[in-house]
Amino acid sequence: MPETVPAYTAAQVRDAERPLLYDGQPLMDRAAAALAQIVQALVDEIIDERPEEQPRILVLAGSGDNGGDALLAAAALQRADVEVLTTGTRVHEHGLATALAQVAELVELADLRDAGTVCDLVLDGILGIGTAADPALRGTARDAVSLLLPAVRDAATRVVAVDLPSGLQPDDGSTADDTVLPATVTVTFGAVKVGLTVGRGPELSGELVLVDLGLGDGLADVPAAGEASISRVVEG
């Protein structure tokens, strides 16, 4: 049953996370475990629909924490063929090593073009709440999203956005252009970002799932920037 919860700016969420990170709490590991649970349920749905072959999962891994979350979640997936495309000049090294050691294969953009662009599911971990005032995707990230968009728009490929759809500004819900993957599900961590609820946020975020990382104390006295309707809360 849908639930209404407060929504916060990126700065408010970062401020609430800071003392937990200072105390050494493994927020990324907890976020990734919850994300893996949600993605695995989608993988299992695809297998139920088409049991004769394993689903093809593509991880778009940016250089920040969202890329790390996506990679660590991918490492825990079962019964799926997992490919990883790194989209930045850097990558979360521990997340990548873990994914490659468990289930994943590293691919290049040319490999996607050669193999065809229809994946069963894309895990969008390109950008997060560190997105600049101009949220436009660039370079490999932009090329990959452009390549995947037709299949996503035709509903041949599902998308799980990690924290928020890459290219969506986290505070005002704006986008620089249409090179953004519309999510089937957005799994947002700690608190709902207000950009998911305004501007193009509702159009691009799909079903909203909140992963509770224990930010309640840090947000208790913070005025919410808005409110959001979520489908469920998952403990992280």
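With both labels modelled 7 Å from their Cα along Cα-to-Cβ, the Glu3 to Ala224 distance reads 1.2 nm. Taken about its Cα centre, the chain carries a charge dipole of about 300 debye when Lys and Arg each add +1 at the Cβ and Asp and Glu each add -1 at the Cβ.
As a footprinting exposure proxy, order Ser205, Ser174 by other Cβ within 10 Å, with the fewest listed first.
On the way: Ser205 25, Ser174 17.
Listed from fewest to most nearby Cβ atoms, that is Ser174, Ser205.
Considering only Asp29, Asp81, Asp114, the Gaussian network model of the chain with Cα springs below 10 Å gives its largest mean-square fluctuation to Asp114.
Secondary structure note: in the chain, about 15% of the DSSP beta bridges are antiparallel. Roughly what angle does helix 65-75 make with the longest principal axis of the chain, taking Cα atoms, 0 to 90 degrees, to the nearest 10? Long axis of 65-75 versus the principal axis of the chain: about 50 degrees. Shown for Glu52, Glu45: other C-beta atoms within 10 Å of each C-beta, ranked fewest to most, produce the order Glu52, Glu45. For the pair the stretch 88-104 / the stretch 34-66, the C-alpha centres are spaced 16 Å from each other. With contributions of -39500 (n - 2.57) from each DSSP H run of at least four residues, the per-residue ellipticity at 222 nm computed over the chain stands at -11500 deg cm²/dmol.
Annotation: amide H-H contacts under 5 Å for Val222 (H modelled 1.01 Å from N, sequence separation of 5 or more, or interchain): none. Over the chain, Cα pairs under 8 Å with separation of 6+ residues give a relative contact order of 24 percent. Footprinting exposure proxy ranking of Tyr22, Tyr8, fewest other C-beta atoms within 10 angstrom first, gives Tyr22, Tyr8. The value of relative contact order for the stretch 138-236, using C-alpha pairs under 8 Å at least six residues apart, is 23 percent. A Förster radius of 41 Å, combined with the Cβ-Cβ distance separating Asp111 from Asp15, puts the computed FRET efficiency at roughly 0.50.
Each reported figure results from applying straightforward, stated rules to the coordinates on display, with no laboratory input. Please read all numbers here as calculations on a predicted model, not as lab measurements. Quick reminder, even Gly has a Cβ in these numbers, built from the backbone with ideal geometry, and neighbours come from all protein chains shown.
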